[in-house]
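Report on one structure; see the data block that follows.
The values are calculated or read from the model by the stated rules, or taken from the named source; none is laboratory data. All figures in this text were calculated on a predicted structure; none of them were measured in a lab. Cβ coordinates were reconstructed from backbone atoms using ideal geometry, including for glycine residues, and neighbour counts include every protein chain displayed. Accessible surface is based on the protein model in full, side chains and every heavy atom, while ligands, DNA and RNA are left aside. Shrake-Rupley method; radii C 1.70, N 1.55, O 1.52, S 1.80 Å.
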Amino acid sequence: MPLDRPEDSSTVILTASAAARVKTLREMEGNAALHLRVSVLGGGCSGFQYKIDFDEAVKTDDSIFETDGVKLLVDETSMEFMEGAEVDFVDELIGAAFKINNPNATASCGCGTSFSVF
């Protein structure tokens, strides 16, 4: 369930569930310096796709969003597509994964990792 969106649409929300999962993964990796990075790349079955990974480095063009001590990094180019989005972690019967609820996406594929903005 999406959280209430702040009036500032330039904000990306990292949910408490996603922050807790990042903390668990950092512990498993043995590296507390890891940040969650979300990028938007061209490709995928709907035109754009998300890339989610870990990064120790904060770049000069990154927007930084923090929840419960976990930083979410989004580069300047990706922010154009991510404004107002929510990064969540869901654990369902079919599997557990990070999920992005993006109000900018006009269509998405069945797997949820590809989207379009037209």
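Using Cα pairs closer than 8 Å and at least 6 residues apart in sequence, work out the relative contact order for region 35-92, in percent. Provide the component values of the computation, followed by the final result.
Working: 75 pairs, mean separation 19.8, N = 58.
Computed over region 35-92, the figure is 34 percent.
Given a 1.4 Å probe, how much area per residue of region 19-60 is accessible, in Å²?
Values: 2410 Å² over 42 residues.
Computed with neighbouring chains in place, this is 57 Å² per residue.
Hey, rough spin-label estimate for residue 66 and residue 29, points 7 angstrom out along Cα→Cβ, what's it come to in nanometres?
Placing both labels 7 Å along Cα→Cβ, they lie 1.8 nm apart.
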